[in-house]
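Comments concern the structure below.
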Amino acid sequence: MRLQTNTSLALFSVLEFARDPTRHIPASEIAEKYDVSPHHLAKVLSELARAGIVESVRGVGGGYRFAANPRRVTLMDIIHLFEDLSPAVAARTEGKEVTAVERALAAVLSEIDELAKATFGSITLSTMLRLVERQQTASKSDQDKPA
Amino acid sequence: MAKNPPDRKTEAANDTITVRPVRRGDLDQVIAIDATVTGLEKQSYWRSVFRRYGTAGEHQRQFLVAVSDRRVVGFVIGEVRDWEFGSPPCGWVFAINVDPEVRLAGVGTRLLQALEASFRRAGVRKMRTMLARENTLILSFFRSQGMMAGSLIPLEMDLDA
């Protein structure tokens, strides 16, 4: 499973919002942090708002804030909003007889996809935030080590 | 999407829960929790599990229960296995279950922490488990405890009759 740019951007954004659910974060701040165009990001945030993951805050200091339950929302819930998860090989060969080689390759690709789906479906935003903290701690202790 | 639930339930449950080794008298409640969750009552299976894990009295095998107000509300079973699949000794979690009525209150976390402590006392530094990838609920639980995909890949095949 290869994630599209919009999907990765959605995951980065949701995790930024979920890290501090009380804070309104302007879209421009996330766009700058991840080096993407604000216009591109706006489309992603609007889709997340439609799904109830974030909500827009109008006025001065506006932007978006987290609106969901981080213990309930999984990475798969976000990915589903942006990706077509139907089997790719079956769609490509529609109307034609599927060869044994294609079937064999589809079986292997499907094995990988199923593992990816199980992984994304079992990791909640809360779990991800703990991973983020662990990464920060590890990176800080690496920096503190004497050269 | 629902807003964050309050954490009071978690705190209250943590205050009143005790985790201890299983006793013979707990077995009916363990069987009842398993039957509620799986839809199958497996009396003889659980009696044999009790004989194997519940009477060991050492850190190698553990069968622990979580008790709240003298009622068993969850259980965990684990064992230290040496050099299985070419791996140095590690602690395997074979089963963990919590009464659906008291879920999301930290009972599973308490059980797993107690098992971790016993594995540490047994001298192992890695804990493993294996479960169906469709079992999102328990998969999410283990992930929330910090578990990640390990170095082993389970493989299987159907055998001809």
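Read-outs throughout are calculated quantities, based only on the coordinates presented, and are distinct from any laboratory measurement. Keep in mind that this is a model prediction, so the values were computed, not measured. Please note: Cβ atoms are built from the backbone with ideal geometry, for glycine as well, and neighbour counts cover all protein chains shown.
Here are the numbers:
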quantity	calculated
The stretch A:5-132, relative contact order in percent, only Cα pairs under 8 angstrom and at least six apart counted	30 percent
Relative contact order (%) - criterion: Cα under 8 Å, at least six apart; region: chain B	21 percent
Cβ-based charge dipole, chain A, positive-most Cα from A:82, A:139, A:59	A:59
Test item: A:129-137 mean partner chain Cβ contacts at 10 Å	1
At least 24 Å along the helix axis (C-alpha) and Kyte average at least -1.0, DSSP helices within chain A	A:100-122, A:125-144
Average other protein chain Cβ within 10 Å of Cβ, residues B:141-153	3
About the Cα centre, charge dipole magnitude for the stretch B:66-148 (Lys/Arg +1, Asp/Glu -1 at Cβ), debye	240 debye
